[in-house]
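The block underneath contains the structure these notes are about, expressed in structure tokens.
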Amino acid sequence: MSPPVSCSSIAILALILLVADARSSLDHDCLCTAFQSSCWPDPSAWDTFNSSLDGRLIKVLPPAAPCHESNFDEQACQIVRERWSSPFWRSDQPGAMQASNWEASGDQSCLISSPRNSSCSQGSVPVYAVNVSTPSHVQSAVRFASTKNIRLVIKNTGHDFFGKSTAAGSLSIWTHHLKNISFHHDFVAKRCSVSPVSAVTVGAGVQWEELYQAVFKQGKVIVGAGGVTVGAAGGYPQAAGHSPISPAFGLAADNVLEYEVVTAAGDLVVANGCQNEDLFWALRGGGGGTFGVVVSATHRTHPQLEDLAFAGYSINARDRSSFLDLLTNFAVIHPSLSEAGWSGYFGLSSQSLQVSYLLPNKDVSFANRTLATFLDYVEKHPKLQGNGSVVSLSSFQEYYSQFLCGGQNSCVNSNGSATPLLLSSRLIPKSLFHSRKSVEPLSDALVSILERYPPPLTIFGAFVAGGAVARPRDENAVNPAWRRALLFVIIGSGWRDGASLEEQREVARNVSAANKLLIDVTPGSGTYINEADFNEPDWQQSFFGEHYPRLQAIKSKVDPSGLFRCHHCVGSEKWSNDLNCPRKN
């Protein structure tokens with residue numbers, strides 16, 4: 001296998017290709033970008049386009065631009081500095097991503113940490129964005145981009161760790177202000193003859209914080225993201241969408257009943273189980289930014305959960321052998337925990353395990369019985385020290401406010417991190433947990449990752465598979481590896497602002513190499529495209545499994561010219577590394 005290529009290297013290559021295109025005659029097989037004056041629409045064309053959009057066209061700047069000389073605005077810069085790490089603020093900016101490295105293109109960037117008189121490059125931030133407020137604006141943008149052969153991207157919140165929703169020299173469809181929320185007590189998908197169900201229809205700009213609060217007021221629960229600034233209709237449900245209550249109700253994609261979509265032809269269509277069935281199948285698991293622009297999604301809602309138990313524990317080991325033993329004993333209890341209905345998250349750092357697990361519709365007494373064997377092992381082990389407890393919660397809303405929002409009723413004031421971030425991940429199949437012997441290679445891999453790749457590299461685990469997620473389903477394109485999995489393990493690392501390209505490449509190599517250890521112990525499994533390695537090997541199999549040939553066929557049917565393109569998305573092997581031109585053999 002050839003050595004992994006970092007995201008920075010690919011970005012530099014993309015920039016070189018764009019400059020080369022600008023110097024040469026226009027290749028009509030390539031998409032046009034702002035780097036190419038010979039094909040890029042002139043100001044009058046943009047003015048005419050803006051008029052057709054009711055004035056919704058925005059000239060986009062990098063989020064740190066007000067703090068640099070060419071666009072300096074003292075008051076605006078102060079706001080930028082104060083809100084820089086707020087995920088809600090970042091989602092409100094048309095040019096911002098949740099992790100700032102995806103705003104850069106190689107060494108072309110606009111850093112908040114650099115001096116006022118330093119350069120502020122556009123990087124990968126789109127040149128223009130259509131701030132859509134109606135589906136017709138999306139249709140107009142799609143038709144304009146298609147007619148002018150312009151590179152097009154789709155963005156809501158910037159929760160994208162693959163660079164899919166931003167591209168240098170592009171036009172962006174910004175769906176962030178499609179905020180309608182409508183509840184249905186007896187929803188039936190259009191043209192379908194099925195039993196009605198409780199549901200909610202949301203615009204493509206609705207975020208989970210907004211939807212959770214609305215759903216709670218209805219006395220319901222919904223399969224949604226742990227990251228509450230994530231969009232509820234975009235790449236999250238379109239790629240699968242895991243949730244702390246997925247083992248009870250399935251993945252988000254399993255709960256989508258209907259989409260409204262603008263196709264590559266500029267048509268607004270309804271996709272559900274009774275019309276545009278292939279498109280509906282692909283939009284539930286085939287990945288965002290690929291098959292069309294979703295303008296609304298209808299999700300199933302569920303009865304309120306009651307009598308939840310929450311387990312929070314911190315366990316520290318004195319040495320490597322005891323930490324390895326701890327992880328093995330922790331892993332082997334997961335089949336029984338899954339049968340009991342548990343779900344949640346865990347974190348690993350140097351010889352430390354942090355556990356935050358949730359058990360719906362069960363009391364504390366039952367919860368303690370299911371954990372008794374493991375907790376007794378921890379208490380009696382001479383080289384382990386643990387503390388924590390199981391507490392009773394009255395509702396999922398209480399879990400949300402206490403453990404996702406830090407004790408606040410809402411997460412809107414929560415802070416995040418805009419620092420550069422690269423991820424890799426692996427779905428860990430249930431078959432690995434049959435015995436202590438079968439799970440030991442996983443434990444050893446996790447310990448080895450922490451030893452070989454020190455902080456800032458971290459490991460985060462999601463116990464969000466099994467249960468309802470494991471039920472065989474043919475009605476959507478979710479990666480079949482999800483159906484076989486029990487755990488989902490994520491590796492993350494980053495770098496400081498201003499790090500050299502070589503430092504960035506080193507982080508990318510480490511993230512990929514760490515994930516290789518997980519791949520080696522889980523042959524035939526896969527991962528979740530939204531939190532995957534940018535340099536994932538054999539990505540078609542890892543992201544889509546045996547569904548890939550059908551997804552390719554649907555992509556060719558609904559978007560034959562490849563208007564919607566993104567890195568390692570269905571059909572992207574046809575395009576160059578920068579996705580602008582056909583790949584040369």
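Evaluating PRO456 against the criteria (1) open to solvent by 60 Å² or more (accessible area, probe 1.4 Å); (2) assigned to a loop (DSSP other than H, G, I, E, B); (3) closer than 23 Å to PRO537 by Cβ leaves one unmet condition, (3). In the range 418-428, the condition of being farther than 30 Å from PRO523 by Cβ, open to solvent by 60 Å² or more (accessible area, probe 1.4 Å) and without any contact (Cβ under 8 Å) to a residue 60 or more places away in the chain is met by no residue. Applying the criterion of being open to solvent by 20 Å² or more (accessible area, probe 1.4 Å) and in a helix (DSSP H, G or I) to the residues of the range 312-336, the residue that is nearest to PHE366 (Cα to Cα) is SER336.
The residues on offer are LEU423, LEU384, and the sole one that is of a type in the set (A, V, I, L, M) and either farther than 28 Å from ASN515 by Cα or in contact with a Leu (Cβ under 7 Å, 6 or more places away or on another chain) (or both) is LEU384. Of all residues in the range 391-408, those satisfying the criterion of being in contact with a Phe, Trp or Tyr (Cβ under 7 Å, 6 or more places away or on another chain) and open to solvent by less than 50 Å² (accessible area, probe 1.4 Å) are LEU393, TYR399, TYR400. For ASN585, the conditions (1) touching a Ser or Thr at 6+ places or on another chain (Cβ under 9 Å); (2) of a type outside the set (Gly, Ala, Ser); (3) at pLDDT below 95 all hold with the exception of (1). Applying the condition of being of a type in the set (Lys, Arg) and at pLDDT 95 or above to the range 472-496 and asking which residue is least open to solvent (accessible area, probe 1.4 Å) yields ARG483.
On the stretch given as the range 144-167, residues that are in contact with a Gly (Cβ under 8 Å, 6 or more places away or on another chain) and either surrounded by fewer than 19 Cβ atoms within 10 Å (Cβ to Cβ) or part of a loop (DSSP other than H, G, I, E, B) (or both) total 9. The residue that is least open to solvent (accessible area, probe 1.4 Å), counting only those in the range 46-81 that are more than 25 Å from VAL206 (Cβ to Cβ) and touching an Asp or Glu at 6+ places or on another chain (Cβ under 8 Å), is PRO62. Filtering the range 234-250 to residues that are of a type in the set (Gly, Ala, Ser) and on the phi < 0 side of the Ramachandran plot leaves GLY234, GLY235, ALA239, SER243, SER246, ALA248. Of the residues making up the range 120-132, those that are outside any loop (DSSP other than H, G, I, E, B) and open to solvent by less than 30 Å² (accessible area, probe 1.4 Å) are ALA129, VAL130, ASN131. Pairs linking a residue in the range 65-88 that is under 13 Å from ARG116 (Cα atoms) and free of Cβ contacts under 8 Å to residues at least 40 places away in the same chain to a residue that is surrounded by fewer than 19 Cβ atoms within 10 Å (Cβ to Cβ) and charged (D, E, K, R), with Cβ atoms under 8 Å and 6 or more positions apart or on different chains, are PRO66/ASP73.
Here VAL447 clears all of (1) open to solvent by less than 10 Å² (accessible area, probe 1.4 Å); (2) within 23 Å of the chain's Cα centre (by Cα) except the condition numbered (2). Would a scan of the range 133-143 turn up a residue that is part of a loop (DSSP other than H, G, I, E, B) and over 30 Å from GLY219 (Cβ atoms)? Scanning the range 133-143 turns up at least one residue that is part of a loop (DSSP other than H, G, I, E, B) and over 30 Å from GLY219 (Cβ atoms).
Here's the yes/no breakdown for (1) open to solvent by 20 Å² or more (accessible area, probe 1.4 Å); (2) under 15 Å from the mean Cα position of the chain (by Cα); (3) under 19 Å from ILE154 (Cβ atoms); (4) at pLDDT below 95:
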residue	(1), (2), (3), (4)
VAL202	no, no, yes, no
GLY235	yes, yes, yes, no
ILE245	no, no, no, no
ALA253	no, yes, yes, no
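In this structure, does SER193 turn out to be open to solvent by 20 Å² or more (accessible area, probe 1.4 Å), more than 19 Å from TRP89 (Cα to Cα) and in contact with a Leu (Cβ under 9 Å, 6 or more places away or on another chain)? Here the answer is no, as SER193 does not meet what is asked.
Residue count for the range 82-119 satisfying the condition of being in contact with a helix residue (DSSP H, G or I) (Cβ under 7 Å, 6 or more places away or on another chain), more than 22 Å from LYS164 (Cα to Cα) and surrounded by 13 or more Cβ atoms within 10 Å (Cβ to Cβ): 2.
Within the range 536-553, the set of residues being assigned to a helix (DSSP H, G or I) and either in contact with a Ser or Thr (Cβ under 7 Å, 6 or more places away or on another chain) or open to solvent by less than 10 Å² (accessible area, probe 1.4 Å) (or both) comprises SER542, PHE543, PHE544, GLY545, LEU551. Taking the range 554-567 as the range and being part of a helix (DSSP H, G or I) and either hydrophobic (A, V, I, L, M, F, W, C) or crowded, with 17+ Cβ neighbours inside 10 Å (or both) as the test, the residues that pass are ILE554, LYS555, VAL558.
The values are calculated or read from the model by the stated rules, or taken from the named source; none is laboratory data. Model, not experiment: these values are computed from the prediction. Cβ sites come from the backbone with ideal geometry, for glycine too, and all protein chains shown count toward neighbours. Quick note on the areas: whole protein, heavy atoms, side chains included, nothing else; ligands and nucleic acids left out. Shrake-Rupley method; radii C 1.70, N 1.55, O 1.52, S 1.80 Å.
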